[in-house]
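A.B. asks: This is the structure I want to talk about, given as structure tokens.
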Amino acid sequence: MNEMSAPRILTDQDQEHCVPVYVVWETTLACNLKCGHCGSRAGDRRDDELDTQEAFDLIDQMAALGTREITIIGGEAFLRKDWLKLVERISSHGILCTMQTGAYGLNEKMLRAAMDAGLGGIGVSVDGLEEDHDKIRGRKGSFQACLKALRIAKELGMVTSANTQINAISYQYLRKVFDIVADAGISHWQLQWTVAMGNAADNDDVLLQPYLVKPVMDEVAEIFKHAQTIGVTVRPGNNIGYFGKHEVLWRGGQGGGHYAGCPAGHNAIGIEADGTIKACPSLPKERYSGGNIRDLTLEDMWHNSPELAFNRNRSTEQLWGHCKGCLYSDVCRGGCTWTADSLFRKPGNNPYCYYRVSTLEKQGIRERVQKIEEAPDTPFAVGLFEIIEEQI
Amino acid sequence: MDLSTMPKGKPSVSLPLCLNCAEYVLDQAVPCPHCNHDPMKPGGRYKDDGFYARDALERLLDVMERAAKLQENVENKQE
Ligand code: SF4
Ligand code: SF4
Ligand SMILES: [Zn+2]
């Protein structure tokens, strides 16, 4: 899940009372791009997506449970005919509404209308330099569309963020990508590892090998410092981390602020376009669905579905492998559930970790991930990977 | 929203920083597992890279914010 704004900052009270502060909502699976790393294998609309009234009702239920921010995603959220109505309904509750978009076909008129409807900001996915971006996104011109949308949104006064996935291709050009998106006026640059889900599990060459996490994050730290001098905030997403020498730079300060573990189901909700409620939008439905809003109320699921509650008591029981013996296990609990689960079909062991890579490096060891089973051809499908340890 | 009816969760813990290497530690009372220094003695990277100044500023802002809130409460009570 990404970070863009203040409503998402969690208080102790939010955590003690499991307030679903932040929701990421796939409002449609329809998409006009064909991304080679798309976890949800978006493209066609789902057969049974929520209609406008059902979506309104769901928004009202989120408001009643204390949600403060909703990010609409897709597919491509603006391909829903009623997307502006949804934005309006969300804003009418005083909930911050933001949109995560590929921006292909997003023009000034639409952005103006979105702003009038109350859209508080957009995050545009920029996944490399122009040629790589257009290739991985499956559409020529999609890179330029991103920059254009960012510039227009900025001129209109929106908070704009560029989101970049770090993978085996993009990691080599991060500074160049940053310079381009910074020039387009972003206030935040959000980073995330490409995760082995859906199309990225099929095209697993695209995955960064875990042993590269350290050099890449060392470079991101340099970009972070440079970005500060030009007023741009570099934000590592929830699956980027953890601890090590840079944690204090981007997350921390004295007495907290560091990575605090996956918020899925504790303070976050993910919604699929058909009304399936999950703890995080990226987790696979088969094992993480808490039910469907057509069958149960959101409150009922939030209170009673074990699939949504797995993070709430911050147990370390599910940890295994290297994470089990880690100094930070109690706080971090293996980092992003999605990242680990996508590799191993269970959470609790995460090789994409700075502290882990540094610790192993001191022992002369590095880790690689290797696919041993393909993912099925369904949205949010995961394959199976194993960790190979190598002597450096 | 009535918080008392919400499911119960465990809040995350806040780890202290080692005031020498600026990495997080579980316990400031024992030598830092990362740099082996006394985590409570400011020095090293923590000072050199400006984290000392940043944290001092944050603490100051925090105190100012709390003072402003207290003042506001006093004024509200007087009204
Ligand atoms: S090794 Fe695992 S538990 Fe430790 S910091 Fe890294 S992801 Fe978290
Ligand atoms: S699984 Fe947890 S940490 Fe990962 S993206 Fe979802 S909510 Fe964020
Ligand atoms: Zn130290």
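The values are calculated or read from the model by the stated rules, or taken from the named source; none is laboratory data. Predicted model only: the values in this text are computed from it and were never measured. Virtual Cβ from ideal backbone geometry, glycine too; neighbours counted across all protein chains shown. These area figures cover heavy atoms from the full protein model, side chains too; ligands, DNA and RNA do not enter into them. Shrake-Rupley method; radii C 1.70, N 1.55, O 1.52, S 1.80 Å.
A.B. asks: Please work out if B:LYS10 is open to solvent by 60 Å² or more (accessible area, probe 1.4 Å), more than 10 Å from chain A (Cβ to nearest Cβ) and without any contact (Cβ under 8 Å) to a residue 60 or more places away in the chain.
C.D. replies: So B:LYS10 fails the test.
A.B. asks: If you don't mind, another one. With A:CYS280, A:CYS323 as the choices, which residue is over 30 Å from A:LYS81 (Cβ atoms) and surrounded by 17 or more Cβ atoms within 10 Å (Cβ to Cβ)? Before you say what the answer is, go through the steps one by one.
C.D. replies: Details: A:CYS280 fails: over 30 Å from A:LYS81 (Cβ atoms).
Sole residue among the options that is over 30 Å from A:LYS81 (Cβ atoms) and surrounded by 17 or more Cβ atoms within 10 Å (Cβ to Cβ): A:CYS323.
A.B. asks: Which of the residues belonging to segment A:339-359 are aliphatic (A, V, I, L, M), open to solvent by less than 10 Å² (accessible area, probe 1.4 Å) and within 10 Å of ligand 1 (Cβ to nearest atom)?
C.D. replies: Residues of segment A:339-359 that are aliphatic (A, V, I, L, M), as a first pass: A:340, A:343, A:357.
Checking which are open to solvent by less than 10 Å² (accessible area, probe 1.4 Å) leaves us with A:340, A:343.
A:ALA340, the sole residue that qualifies.
A.B. asks: Let me ask another. Six or more apart or on different chains, Cβ under 7 Å: which pairs go from a residue in segment A:331-351 that's away from chain B (no Cβ under 14 Å) and outside any helix (DSSP H, G or I) to one that's of a type in the set (Asp, Glu) and more than 8 Å from ligand 1 (Cβ to nearest atom)? Could you list them?
C.D. replies: A:PRO347/A:ASP341; A:PRO351/A:GLU367
A.B. asks: Now for a separate question. Which of the numbered conditions does A:VAL248 fail, given that it passes all the others? Conditions: (1) over 18 Å from the mean Cα position of the chain (by Cα); (2) open to solvent by 20 Å² or more (accessible area, probe 1.4 Å).
C.D. replies: Result: A:VAL248 passes all but (2).
A.B. asks: Further, regarding this structure: Within segment A:1-35, how many residues turn out to be at pLDDT 80 or above, hydroxyl-bearing (Ser, Thr, Tyr) and under 24 Å from A:PHE56 (Cα atoms)?
C.D. replies: Residues meeting the conditions: 3.
A.B. asks: Counting only residues that are aliphatic (A, V, I, L, M) and buried (at least 23 other Cβ atoms within 10 Å of the Cβ), how many does segment A:63-95 have?
C.D. replies: The initial filter retains those residues of segment A:63-95 that are aliphatic (A, V, I, L, M), namely A:63-65, A:70, A:72-73, A:77, A:79, A:84, A:86-87, A:90, A:95.
With buried (at least 23 other Cβ atoms within 10 Å of the Cβ) added as a condition, the list becomes A:70, A:72-73, A:77, A:86-87, A:90.
Total satisfying the criteria: 7.
A.B. asks: Going by the structure shown, is A:CYS262 in contact (Cβ under 8 Å) with a residue 60 or more places away in the chain and open to solvent by less than 30 Å² (accessible area, probe 1.4 Å)? Spell out the reasoning first.
C.D. replies: Working: in contact (Cβ under 8 Å) with a residue 60 or more places away in the chain: yes; open to solvent by less than 30 Å² (accessible area, probe 1.4 Å): yes.
Answer is yes for this residue.
A.B. asks: Within segment A:253-281, take every residue that is at pLDDT below 95 and within 7 Å of chain B (Cβ to nearest Cβ) and give me the one that is nearest to B:LYS41 (Cα to Cα).
C.D. replies: Per the stated criteria, the residue is A:GLN254.
A.B. asks: Open to solvent by less than 70 Å² (accessible area, probe 1.4 Å) and at the interface with chain A (Cβ under 8 Å from one of its Cβ atoms): does that describe B:LEU3? Even if it seems obvious, please write down each step before you answer.
C.D. replies: Details: open to solvent by less than 70 Å² (accessible area, probe 1.4 Å): yes; at the interface with chain A (Cβ under 8 Å from one of its Cβ atoms): yes.
The answer is yes for B:LEU3.
A.B. asks: Tell me whether segment A:227-236 contains one or more residues that are away from ligand 3 (no atom under 16 Å from the Cβ), closer than 26 Å to A:ALA340 by Cα and open to solvent by 20 Å² or more (accessible area, probe 1.4 Å).
C.D. replies: yes
A.B. asks: For A:ILE293, are the conditions met, namely being more than 11 Å from every other protein chain (Cβ to nearest Cβ), open to solvent by 20 Å² or more (accessible area, probe 1.4 Å) and of a type outside the set (D, E, K, R)?
C.D. replies: So A:ILE293 fits the description; yes.
A.B. asks: Report, ordered by the first and then the second residue, all pairs with beta carbons closer than 7 Å, sequence separation of six or more or different chains, a first member in segment A:366-378 that is touching a residue at least 60 places away in the same chain (Cβ under 8 Å), and a second member that is open to solvent by 70 Å² or more (accessible area, probe 1.4 Å).
C.D. replies: A:ARG366/A:ILE392; A:GLU367/A:GLU389
A.B. asks: Separate question: Go through the residues of segment B:51-69 one by one and say whether even a single one is hydroxyl-bearing (Ser, Thr, Tyr), within 16 Å of the chain's Cα centre (by Cα), within 16 Å of ligand 1 (Cβ to nearest atom) and closer than 20 Å to A:LYS245 by Cβ. Write out each step before concluding.
C.D. replies: In the first step, residues of segment B:51-69 are kept if they are hydroxyl-bearing (Ser, Thr, Tyr); the result is B:52.
When the remaining residues are screened for being within 16 Å of the chain's Cα centre (by Cα), the result is B:52.
In the following step, the residues that additionally are within 16 Å of ligand 1 (Cβ to nearest atom) were identified as none.
There is no residue in segment B:51-69 that is hydroxyl-bearing (Ser, Thr, Tyr), within 16 Å of the chain's Cα centre (by Cα), within 16 Å of ligand 1 (Cβ to nearest atom) and closer than 20 Å to A:LYS245 by Cβ.
A.B. asks: Testing A:ASP134 on (1) without any contact (Cβ under 8 Å) to a residue 40 or more places away in the chain; (2) crowded, with 24+ Cβ neighbours inside 10 Å; (3) in contact with a Lys or Arg (Cβ under 7 Å, 6 or more places away or on another chain), one condition comes back false. Which one is that?
C.D. replies: So A:ASP134 meets the others, but not (2).
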